[in-house]
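Values in this text are rule-based calculations from the coordinates and carry no lab data. Everything quoted here is computed from the prediction, not taken from an experiment. Backbone-built Cβ (ideal geometry, glycine too); neighbour counts: all protein chains shown.
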Amino acid sequence: MIYIGTTEKFYRLEQIIMDNYKVSSLNLIAKTATSLLSFLSPQPRKYLIFVGWGNNGAQGLALAQMIVEKNVGNNVKVVFCAPKLDFLAHQTPVNKHWTNLIAQQDKIATCYLDNNEYQEWITECEEIIDCIFGLGFEGNMAKKLQELITDINKSNKPILACDIPSGIINDEQKTPSVAIKASRTVTFFIYKTAFINYQIIPFLGKITLTTLDFEQEKINEFCNQIIDNKIFIVDNVKITPRPLVTNKGNYGKLMLFGSNNDYLNAGTIAANMAIQAGAGHLTWVIPQELRTYLVNTVLEMTYCDANDRSKILDLLEKVINVVIFGPGTGRTERTLNLLKLVLDNYEGRIVIDADGINVLTPELLRKLKNRGIITPHPQEFARLINKPLEVVLSDRVALAQELASKYKIIVVLKGYQTIITDGEVTYINSTGNPYMATPGMGDALTGLIASLCGQGYNNLTASYLAVYLHGFCGDLVAQTKKPVLATDVVNKIGNVIAQLINSNY
């Protein structure tokens with residue numbers, strides 16, 4: 001897990017690291033530059049580095065020095081992003097140190113912002129590195145610098161941002177007026193709060209976190225001392241292997257309420273995922289008239305006639321320990337009545353998706369206390385809490401936490417960086433890609449969450465594990481196939497689980 005922190009928390013963490021490892025600011029900047037170097041092309045390129053007068057700029061200056069020393073670039077130019085007199089007057093000590101070293105290096109061309117030579121350099125370069133502000137930006141930007149950033153963004157050159165793209169105020173929940181639009185952001189130690197803001201995400205490109213060779217576990221120990229927001233990025237997971245002596249009854253007795261004439265195979269996808277991910281037993285409740293069409297779509301399961309109320313209630317009372325409700329049931333009175341029947345006659349865990357969410361009322365939400373998981377996409381969530389979609393997208397974490405806390409449920413708010421929360425602890429997923437935006441993908445996720453619940457994971461853990469694994473499968477498929485279909489993810493899940501078990505144990 002990776003912590004998420006404000007600018008103030010990051011600076012405190014940085015100081016703790018320097019104190020504990022006896023590392024000076026100069027040495028830390030050198031380590032940062034060494035790390036940045038590893039993200040550059042192995043082939044010599046023409047690099048243009050834009051630096052400010054703070055420590056972020058010092059990292060860029062140190063990087064320029066290393067590019068030349070390691071012979072990684074065949075042409076390195078540095079632009080000091082202020083008029084010369086202003087820049088020299090505001091430099092931090094470490095920035096001044098690296099500026100002096102650069103001045104002795106005849107292989108690095110430099111200019112200040114009061115020299116328009118940099119405009120030609122933008123055209124000539126092959127890659128741009130942004131080390132202007134970093135986390136030090138507080139909102140004031142000279143007009144000349146705004147024009148420069150606009151020119152950089154228009155260049156269509158690859159842009160690597162150091163820590164955070166310049167122009168973004170880390171702790172403000174709003175779109176920057178002018179900011180670097182990076183192809184990649186290399187950040188240090190923790191995720192920054194801006195990185196989970198939908199308005200800012202388009203400026204970040206691919207986010208890569210580096211610990212500068214300090215142990216992640218040790219950094220997390222330091223974070224635990226100073227960061228108390230209980231929001232984490234899920235960057236890896238572990239799956240518990242099965243014991244030698246076991247049986248299928250130990251891995252969940254699931255019941256699925258899914259599919260109607262209009263969404264015939266929504267239940268098929270959820271059921272297949274649950275089975276492929278390891279559920280021990282699954283009973284699918286469907287109308288008898290649909291059984292003919294669906295009977296061979298999931299071979300490893302049993303069926304129950306949706307009209308056989310007595311059998312359904314008997315299974316719910318005596319056998320079932322996880323219910324899947326909603327994939328493809330339709331937004332109808334029948335769906336609402338069926339959900340009421342389940343919640344009034346079953347006390348176990350339940351995962352609700354799609355039309356199951358669409359028929360939820362405050363009364364039904366209260367019946368999910370300490371056992372329910374809901375998996376809305378943003379539009380479903382907006383309807384559920386009666387707020388505009390734009391409001392949901394601008395404040396996803398807080399709104400998901402609020403609903404989860406109010407009803408004591410798990411909320412899985414789907415989308416890029418899916419949010420998983422019980423209202424107290426919040427996980428932000430790091431896997432998945434835009435090519436997974438295809439029909440049935442949510443049904444697959446619902447089946448996976450329920451499967452993991454049945455296998456003994458608590459609701460919160462099962463949810464964040466499932467979201468991570470679901471996205472990880474999609475990322476693997478996307479390496480060779482785009483778009484990614486729900487069935488692709490279903491077919492990949494067993495391999496991914498095996499890979500995780502085999503690598504961890």
*Provide the descending list of Cα extents for the range 374-505 along its principal axes, expressed in whole angstroms.*
41, 32, 20
*asked:* Looking only at the range 248-504, where both bridge partners belong to it, what percent of the DSSP beta bridges are antiparallel (to the nearest 5)?
replied: 20
*Would you mind getting me the FRET efficiency between residue 177 and residue 69? Use the beta-carbon distance for r and R0 = 41 Å, nearest 0.05.*
0.65
*Does the range 248-504 come out rounded, prolate or oblate by the C-alpha gyration tensor, with a ≥ b ≥ c the root eigenvalues, rounded set by a/c under 1.5 and, if not, prolate when a/b is larger than b/c and oblate if not?*
rounded
*Please list the non-local residues whose amide H lies under 5 Å from the amide H of residue 328, H modeled 1.01 Å from N, same-chain partners needing a gap of 5 or more.*
259, 355
_Calculated from backbone phi, Karplus (6.51, -1.76, 1.60) coupling profile of the range 295-305 in Hz, x at Gly/Pro_ = 4, 9, 7, 9, 6, 9, 8, 10, 10, 9, 5
_Let me check I've understood the local charge: for residue 474, count other residues with C-beta under 12 angstrom from its C-beta, Lys and Arg +1, Asp and Glu -1. What total comes out?_
+1
_So for the chain, averaging the separation of alpha carbon pairs under 8 Å that are six or more residues apart and normalising by length, what relative contact order in percent results?_
12
_Value in Å of the Kirkwood radius, where the range 2-229 supplies the Cα pairs that are averaged_ = 17.6
*Pairs 230/406; 9/70; 230/414; 248/318: which are spaced more than 23 Å apart, C-alpha to C-alpha?*
9/70
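Ranked highest first by average number of other Cβ atoms within 10 Å, how do 322-335, 63-76, 107-120 line up?
Listed from highest to lowest mean packing, they are 322-335, 63-76, 107-120.
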*Taking the mean number of other Cβ atoms within 10 Å as a proxy for protection, how do you rank 90-103, 465-478, 177-190, 204-217 from highest to lowest?*
465-478, 177-190, 90-103, 204-217
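Report the gain in length on full extension from residue 201 to residue 101: 0.36 nm times residue separation, minus Cα-Cα distance, nm rounded to one decimal.
32.5 nm
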*So what are the ³J(HN,Hα) numbers for the range 281-287, from phi and the Karplus equation (6.51, -1.76, 1.60; θ = phi - 60°), rounded to whole Hz, Gly and Pro as x?*
7, 9, 10, 9, 8, 9, x
_Spherically averaged projected area in nm², based on the convex hull that wraps the Cα atoms of the range 124-245_ = 11.1
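Would you calculate, for the chain, the mean residue ellipticity at 222 nm contributed by helices, counting each DSSP H stretch of 4 or more residues as -39,500 (n - 2.57) and dividing by all residues, to the nearest 500?
Details: 20 runs with 221 residues, N = 505.
Mean residue ellipticity at 222 nm (helix-derived): -13500 deg cm²/dmol.
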*Between the range 329-394 and the range 167-181, what is the C-alpha centre distance in whole Å?*
35
*Would you please state which residues of the range 195-236 a label at residue 482 would reach in this model, taking the label point 7 Å out along Cα→Cβ and a backbone N cut-off of under 19 Å?*
202-208
*Rounded to the nearest 0.05, what FRET efficiency do residue 115 and residue 491 give with R0 = 56 Å and r taken as the Cβ-Cβ distance? Could you check?*
0.45
*Return, ordered by residue number, the residues of the range 95-139 whose backbone nitrogen is under 12 Å from a label point located 7 Å along Cα→Cβ of residue 26.*
95-101
_Euclidean distance of C-alpha centroids, the range 437-505 and the range 87-103, integer Å_ = 50
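Peptides 420-431, 1-12: what's the order by average Cβ count within 10 Å, highest mean first? Can you show the working numbers first?
Values: 420-431: 21.6, 1-12: 19.1.
Order by mean packing, descending: 420-431, 1-12.
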*With a Förster radius of 45 Å, plug the Cβ-Cβ distance of residue 385 and residue 143 into 1/(1 + (r/R0)^6) and report the FRET value to the nearest 0.05.*
0.60
_Please report, ordered by residue number, every helix of the chain (full DSSP H runs) that is 24 Å or longer along its axis going by C-alpha atoms and whose mean Kyte-Doolittle hydropathy reaches -1.0._
459-478, 486-504
_Taking the alpha-carbon distance from residue 181 and a cut-off under 21 Å, which lysines remain once sequence neighbours fewer than 8 residues away in the same chain are dropped?_
46, 77, 143, 144, 154, 157, 192, 206
*Hey, got the Cα dimensions of the chain along the principal axes, in Å, largest first?*
86, 49, 42
